[in-house]
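The values are calculated or read from the model by the stated rules, or taken from the named source; none is laboratory data. Everything quoted here is computed from the prediction, not taken from an experiment. Cβ atoms come from the backbone with ideal geometry, glycine included; neighbour counts cover every protein chain shown. Just so you know, the surface numbers come from the protein's heavy atoms only, side chains and all, with ligands and any DNA or RNA stripped out. Shrake-Rupley method; radii C 1.70, N 1.55, O 1.52, S 1.80 Å.
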Amino acid sequence: MAEQMPVLYDYWRSSASYRVRIALNLAGIEYRPVVVNLLDGSHKAAEHLERNPQGFVPALEIDGLMLTQSLAIIEYLIETRGLSLLPDDLPGRARVRALAHAIAMDIHPVCNLSVVAHVMEITGGGAEARSDWMQHFISQGLASFEAMLDHAETGRFCHGDTPGLADICLMPQVYNAERWGVDMSAMPRIQAIRQACDQLPAFVKAHPESNNF
């Protein structure tokens, strides 16, 4: 029996989905994208809640499993497909995970669509308040990330000279920063890593503007 092509339940602007697209591309895994539109509430429909009770994207159907949470999905690909996104040494692995978590667990949650929408609802904030919120937390978070990159192990990418888990988390956040007009002129290390990632087909193919369908 032929192995079924993986299915990625995805939304083009979702940072978490963007991460998984990069990882799948780096692993050379072909997949079928299925759009779950976050703007029209499709992620809260019963059909999607069966895939992911949290009502989030992405969800990846692979190996007879339905996987959720982007970092858990990526670690599954590391462990089952030999995808080299973490260093071999334990201190290096801890550093890369810390960088990845600084994005995925500190910046991303407070800038999540549902969180910001609720804040605007209870405060009566409008478009300007939404933009101020995004700029504040993204700018603050990336400034800290830039400081974390002031480290002997930083190379062409966040850790050494090959892309890893930290770069996969950073690039979607850079996209969001640019979208919300965050000034990154004082973040030269992030800018250099962004330029290095922009040279890699796996990152280019995963970019939201390449997946807006």
Checklist entry - Looking at this structure, is Asn37 assigned to a loop (DSSP other than H, G, I, E, B), polar (S, T, N, Q) and open to solvent by less than 60 Å² (accessible area, probe 1.4 Å)? => result yes
Item to check | Residue check for Leu149: over 20 Å from Leu86 (Cα atoms) and touching a helix residue (DSSP H, G or I) at 6+ places or on another chain (Cβ under 8 Å) | outcome: no
Next on the checklist: Tell me whether segment 117-124 contains one or more residues that are in contact with a Lys or Arg (Cβ under 8 Å, 6 or more places away or on another chain), in a helix (DSSP H, G or I) and open to solvent by less than 50 Å² (accessible area, probe 1.4 Å).
Outcome noted: yes
Item to check | Members of segment 147-171 that are touching a Pro at 6+ places or on another chain (Cβ under 8 Å) and either in a helix (DSSP H, G or I) or among the aromatic types (Phe, Trp, Tyr) (or both) | outcome: Phe157
Checklist outcome for this item: By residue number, the members of segment 40-60 that are within 26 Å of Ala100 (Cα to Cα) and open to solvent by 60 Å² or more (accessible area, probe 1.4 Å) are Pro53, Gln54, Phe56
